[in-house]
Structures are given as structure tokens and as C-alpha cells.
1. Sort shortest first the distances from A:Ser342 to its counterpart in every other copy, using label points 7 Å along the Cα-to-beta-carbon line, and give them in nm.
2. Out of the GluC sites (Glu not before Pro) in the stretch A:320-395, which ones are loop residues according to DSSP with at most 13 other C-beta atoms within 10 Å?
3. Report the gain in length on full extension from A:Val31 to A:Glu367: 0.36 nm times residue separation, minus Cα-Cα distance, nm rounded to one decimal.
4. Classify the stretch A:351-499: rounded, prolate or oblate, from the alpha-carbon gyration tensor (a ≥ b ≥ c, eigenvalue square roots; a/c under 1.5 rounded; otherwise prolate if a/b is larger than b/c)?
5. What share of all Cα pairs of chain B, in percent, falls into each consecutive 10 Å distance bin?
6. Relative to a virtual label point 7 Å from the Cα of B:Gln152 in the Cα→beta-carbon direction, which members of the stretch B:176-203 show backbone nitrogen distances below 14 Å?
7. Calculate, for A:Asp427 and A:Asn355, the FRET efficiency according to 1/(1 + (r/R0)^6) with r their C-beta to C-beta distance and R0 51 Å; round to the nearest 0.05.
8. Could I get the Rg over Rh figure for the stretch B:262-468? Both from C-alpha atoms, Rh via Kirkwood, rounded to two places.
Protein chains: 2
Amino acid sequence: MSLHSLLTDRRLILASNRGPLSYSLDKEGVVKQKRGGGGLITAVDGMLAATDDALWVTAASNDAERLLAQAGKPVGSTDKSYKVLFADVAEAAYADYYDGVSNGILWFLHHYLFNPAYEPVYDGAFPKAWAGYKEANYAIATEIIKNLAGDQSGIVMVQDYHLYLIPERIRQESPETLISFFHHIPWCCADYFRLLPGGYRNAILNSLLCCDVIGMHTWRYVDNFLDCCAQFLNVRIDKEAHSVKVGGRTVLVRAYPISISPKSLTKQARSAPVVEMAEELDKTLNGRKLLIRVDRAELSKNLLRGFQAYELFLERQPDWIGKVTFLALTYPTRENIPAYKSYIQAVMRKVKEINARFSTPTWQPIELNIEDNYSRSLAAMSICDCLMTNPIFDGMNLVAKETAVISRRDAVLILSETAGAAEELRDGALLVSPFDVEAMAEKIEQALTMPEKEKKARSERLRQVVLANDAVKWLTHQLDDLVANHPNQPANSLTELAQ
Amino acid sequence: MSLHSLLTDRRLILASNRGPLSYSLDKEGVVKQKRGGGGLITAVDGMLAATDDALWVTAASNDAERLLAQAGKPVGSTDKSYKVLFADVAEAAYADYYDGVSNGILWFLHHYLFNPAYEPVYDGAFPKAWAGYKEANYAIATEIIKNLAGDQSGIVMVQDYHLYLIPERIRQESPETLISFFHHIPWCCADYFRLLPGGYRNAILNSLLCCDVIGMHTWRYVDNFLDCCAQFLNVRIDKEAHSVKVGGRTVLVRAYPISISPKSLTKQARSAPVVEMAEELDKTLNGRKLLIRVDRAELSKNLLRGFQAYELFLERQPDWIGKVTFLALTYPTRENIPAYKSYIQAVMRKVKEINARFSTPTWQPIELNIEDNYSRSLAAMSICDCLMTNPIFDGMNLVAKETAVISRRDAVLILSETAGAAEELRDGALLVSPFDVEAMAEKIEQALTMPEKEKKARSERLRQVVLANDAVKWLTHQLDDLVANHPNQPANSLTELAQ
């Protein structure tokens, strides 16, 4: 039995907030297609090349997608082996679901980003927001159930914190379906999970425990999740076996660190436009060292302390003035959340201050680019001397893995101990506390003065870890555990089949 | 062998930031004595009535105490069975130790009070602050070691987060001494403990593991502490036995919920001045219900959401306008920390807003008293209809226990599930999420309309729990475990001896 026949024997349905294809209306009212990216999509692309009836269900997020949702037909792309189906979610409910609950509460919760003396506040308005969250989740669940069409041999893989309430709906309607959930962000500890009131946290945990397999990026998040189950629900957890017994079923909770597809990434990084951009960037450097960061303009990414560290480094090591450029490639994100706006303003003030303090007539210490330009990022990643990845807390952080694969100059990786990637990359990276600005300043110096031999050795360690654990493995391991955990299924290892 | 002889056979030394006696210079430069209060002092007073050579070492916090420290002699009070010795700490070091590290970092850490996108920041200034913390800790340790005078049969009981670094010093200099540490605030989870960089967190954990017994208020904090040891140190933890194996020794980590002395508290509450104050307060109420809160003006106490909940209650239940008074007895605290200042300003703005919105010509919804007046608090606690104790996170919260004992009107207790006291008082209290303003508003209504029979039953449950676990028991349990855990000591139970 091949992976192909196994997956064509079973209907595979994926659910996520956004999928590989998104749509919008242009000025003339014509529907335009846009391709999505990210680890999940790459992984699924690689995995599903062999099958042809997989379905990807996502929430309609705008008028164009709502039109497609109302048409009720899956849409596709000639080079994709699966189709995308939009679930119809009203605009107001979508805002509650996406901005209000998912990004306004759940994201802050799992990244420890609240200022608890003041927030969160659950007042009379929250139940309405939660109703929108439920509505969007149920709309997607309804499409999934419809498309399973009573066939209980299907596999449903639910993705991320936007969709906590889907597994319970599927289990109720289709009890034998194999269900997995993957959490793409950290899972916070039980104490902090109390920043969500009891009714909501139990609704989330109870729904997730309707899965057969729950995946996290690291074992630390697995432990936190199991602690939450033990503390808030009346269930038996087994920390050794990483499982929860509930209602006669066993739920596996395991770490599947997400990754990249080294081959397709390398191909992109070696494409003519990227190589050309890299050459141009190199010219502008004029022999200076290049320190970069590549992240969304996101509170959890810790841009502020990163720049404070660079400032302290320049202050303490004035010999480096004019000899290094800090290029920050920053992607605009969630610009309608007030906390994001004020954070980015604080970041821009800091950058201005540092540039005013240290600039020379021919040099500026920091180049801050706030734009969405992946090619430019790949160019910078391939020729930088050092990548700073210093998130406060971060589910995984794929930029660290991407740079490990495409760096042409054995880039040194400064990595937060609190990034999910630290569990795999600790031997190659310079680990640092994201709160310790002084230590970060020291790591910048260490990175810029590291002997070539050590750079090569560290860089090679990073690369080997990433090559050994690619995105396809991330997905097959989950499918493998999903099938193995189901008592009525053959125990064939999908991992073996896939190799 | 009695408790008396056991404790007089062994020298008992206590260490805490502040002790039962504090001193200051008046305008004429004369040293004035002031008595301290709190659970620890009450417990020790009760326990040590029988012994006469116990010593209490604290840090000199002002000029008067530094003078006493430099004189080098313990000071006492005729009604105390122990003496107080001040350790000499220079003014600058004291500020770093007390404001900089203890209250500026460690307090925020264990109460989850940081706003992590912006703070904490460990920059070039922090190592100096840490040096002050170390200096104060070592100054106290030096006095303890001096007073043990080579006698290794002594018992040293170290108190709270100000003094993390003392156990290691004692163990180094006096390896056979019995050492306990009690943590009077919550212990945060391992993820959040990462808001302290590695060097500092390991210094703290390694020193604490030089104790024989480590005490926390609740088993949740014990678990968090053990998780920190497992995650950050190379030691073997045993979650079932609540212990850590390190360097051939076994460290017990246990919950000893602190408590009050019901007898002396009742005596105080029945004293003429308190009874008189209660009568006066009752008169001003003119038949209205009395809702109170009693706490320090502290970020962790959650005053803001408490008032927001009361506002929502009045908005939704306008029948209650003019029929209830919310009396907030708030003690000034840490007024030189900027985050406290701005929090109290926000609280005062909120109170003003609510009073402006709902006041009638004869009634004001909230009376906010910011002053240090314990008698007035006792008076209010004895006649209130409901006590709101809604901290964000709180080590124990003794006000809840005090009110349970002295309430004359079967006061209903609204209690945060995140207060340490919730572990013991959950059956009698109305538990609530401190972040859920809407739920708190509902609990206020439930409390004010609760049938007398239910009030009496709940109140009785609260009282019984507190009477069964008083402050002396808190202390004897620790001494008991301390002696039992020491391999060279007889296994007599101090708890039995004390009864």
C-alpha cells in the first residue's frame, strides 16, 4: 500500500483560517487569485502531489471569497492537487472571530503578551465576540461535514488557534473520522491560560480532546497543554506517554516541529531575480558586515529590544561604527490592532534615535524596511553575516530554518531560547534570553567576530538539522500517528511508506 | 521532649526583609520603635512564646536601623521572646536590592505583571542592581553565620523573595544547619520564569536548593517550582514525593498555606475602638448593604476590574442604585515605582467616573480610602455583607481568611480562583476569574441577594477551614518537616509535640 493509495482510499480534508489560495475583487469587480505561502502550504504541496481529491476548507475573509462561498463550489489551480472551499462567514462575525477572539485574545494569551494589570477585560461585549468565533468555526465545520458526506473513513486535519471549536463538531457528526489538530503558535502554561475565563478555556480544551492527535512544535508546549488538561478538566493525563484518556479514547499530544521544503526554497533563493537582488544589496554594503532580521511587525518578535541591543553594542564597541549595517526586513501585520500600532511607533522612534545618534555622512546604522517583499528577504538571508531572531515567545520561527539552508556566508544565528526553533537548533545557534539586552549586544559582537572555522561548523550543524526534518516529515509523522492511534486501522507506518 | 526544649536545644534564627520591629529617627534624631504585623510575625509570636533566644535578622532599611546595625547588638521588646538584629546595608545597595530587584523585577515576575513586549529590559544597569541584591542578602547571611557561631545544630528559616541568595551562603559556611525557605508570593510557571535571564534564575534556584525544606502557599506553586528545577537545572525532581535530589541531599518542596491567629484577631476585632468604628460605619450606611475590599494599592490586587465589575452591576441592576455602598480600604504601597503611580491614577479616574455617573444627592456608589488604618479595616470586615477579593494573582490573601473569622454578618466572599486562598476556601467562597468583569458583576448580585441560610452555610465552611489551619500550624508543619527530613535528627513530630 503506497502513501498515494492510502490517501486516495481516505478523503483528506484540511481546515485553516487561510489556505493556499485567496481571492479579492479588483477595482473592476473581477475576482483575482493570490497564492499563499508558509510552512503548512509547502508541506501539503509536497505531500499531496500524488493525490487528487484533497480538500482545503477556509473561512471567507472578504467579499470575493464570500461570493465563492455562496456559489458553494470548491475552487482550484491547475498546479495544485487539491481544491479550496470557502465557508461563508458574515463580515461582522468574521471580524469578531479573526480580530476580536483569535488575534485580540488567543494570540496574546499563548505568547504571554498581555499586560495583566489592565488586560484582558471580559466585559459585556465579549460573549458577542465569542459567538462570532463560534459561528466562523461552525461554518467551516459544516462544510467539512457536508464534504465527508457520511464517509467516516476520512481524515480531517485542523490547523491552529483560529479553529479550536471544529474538532468537537466533527466528532459529534462523524464519530469515526480521524481528526488531528496542529497548533502553530506556543501553548502557554496553565497559570497563564487562566487569563481566559473557565467557560471559554474548557470549551477549547474539550473540543481539542475530540481529536485523535494534537500536534505542537515542541515538547515544552506539549507539557503545557497536558498541564492545562490536568488542571482544568476531569481527565487522566499521562506525561510519559504524552496522552490524555477521555471518553474511552486516547488522545496523543506530541511535538511535530514544523519545517520548510529545502529543495523548493533553495530553488527560489537561486532564481535570477533573487540572486540579482543579493548582488545589488552586496554592492551597497561596500564591504560592511550585514546583520539582518526578517519578521512580521509583531509584538512577539521583539524588534524593540533587538535594536536596543544593537545600540548598546555600538555604544560599547565604537570601532564597529561604519562597519556593519543592521537591515530589518519587517512585514506589515495586524495594523488595525491598537497595541500593534503603538508598538511599531515605538520601534520607529527607537530606530530614528539610534540612526540620529550614530550615523556618519556615509553610513546609517539601521535600515528599517516595512514592506512585504519575500524575494528581498531571501536575498538578504543568503548573503547576511548574522541573522537576529530574538522573539519574546515564538511558536517555531521558520526564518531561522530558512536562513540555515540558503545562507551562502555561514550566517551566525542569534536565537531566543524561547523560540520553538531553539529546541532543535540549540547546538548551532547562539542562544540568548530575549529580555537580556546586554547579552544580545554581546552576541552581536561574538557573531561579527566569529572565526570562519567556527561559523562553518555551527552553520553546518544548523543546516543538517533542518535537512533531516523537512516539512513533508512534519506532515507524515502526524498522519502516521493518526492512523496508528486509531484502533480500527492497519498499523502500517505512513512514514515508512512515504520514504 | 517538648516543643520548648526542642527549640531551646537548637538555636532558631529567622531572616526576612522586614521583621516584627522597625525603627526610624524622629525630627529630634531620636530612635523610635514601630511594631510590624502580618501572618509571619503573628505565627512566630505564637510559636516562640516558649523560647527566649530566638533571633530575627533583617536588613537595615533607613538611617536609624543602620545605626542599630553598626552598634552590632540585637534589639528587643519586653513582650517579645526573641530579639531583632539589623544587618548593615548601605543606602544605595538597599535601593537596588529592595526597589530594583525585589519589587521591580521579582515581584512582577511571580505575579505575571510584566507587559512583555516592553519589559523587563536587562541592560547595562541590571548587573549593578543585582550586585546590590547580592550585597543585602550576603550582609544578612553574614550576621546569621556569625550568630550561629559554629554551632551546626541551629535552625535557619529564611523568608521570601527578597532573600533568595541566603540559603547557599549558610550551607557553605555551616553545612549541617537545618535551613528552610518560605515563599510568601506565588511561584510562576517555568515559561514565565524565563523572563529572568539564565544566570540570575539559576543563581536563585541553586541557592534555594541548599535548603532542606522549601515552603509555598499552594501545591500549584510547588508544581511550578519543581518544573523550573527540571527545566533549568540538572537535578532529579520527584513530583509525587514533591522533592528534588541534589548533591546527595533531598530537598522537600511542600505547600504550607499561611494563615492567621484567630484568637488574637478576634480579640482585636472585639476591642472597644474597633467596635465603636463599626457602629459608626453602620450608622452612615443607613440600611444600605456594604460591599468592601481591603488591600494594598497594588497592581496585583485588581482594583480596576473590581470597580469595572461594580459599574457593570449598577448599569445592569439599576434597582441597586442607592442601596449598596462599595467601601474600598486601600493601603498606600510602593509609591516610588512608576507603574504603581500610573495604576493608582487609573483606579482613581475610574472611581471618579463611576461616582459621577451613578451618584444621587444622598448617595455615592464608591468610597475609596487610601490610608493605612487597620482598625478601620477590621471594623468594616466585621460588618460587611460582602468582601471582594479579586486579585489577578496573589500568594495567599489573608484578608479573605481574616474576614471569615471576624465577620458578624456571614459576609459572602467573592474570591479570585487565582488567589492562593482559593485552594482552601473554594467550597465557601464564590470563585471568579479575575479577568472576567462580567462574571464578577454577576457575583456581586448573587452575593447581595443570597438567602440568609446559604450565607450562613458558606460562611461557616470558610470559618471552619481557617480555624482548622492557623498560623501556628503553618510554622510547626515546616519545623516538623525540617527536622524529619534531616537524617541525623530524631523523627519526633513537632506537630504532635506542639499540640
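Read the figures in this text as sums done on the coordinates, not as results from a lab. Nothing here was measured: the structure is a model prediction, and the numbers come from that model. Every residue, glycine among them, receives a Cβ derived from its backbone with ideal geometry; neighbour counts consider all protein chains shown.
1. 0.7
2. Working: sites: A:Glu335, A:Glu353, A:Glu367, A:Glu371; in loops: A:Glu335, A:Glu371.
Here the sparse-neighbourhood loop sites are A:Glu335, A:Glu371.
3. Roughly 117.3 nm would be gained on extension.
4. prolate
5. So the P(r) values, bin by bin, are 4, 18, 29, 27, 16, 6, 1, 0.
6. Flagged as within label range: B:176-179.
7. 0.90
8. Numbers: Rg = 15.9 Å, Rh = 17.0 Å.
My calculation puts Rg/Rh at 0.93.
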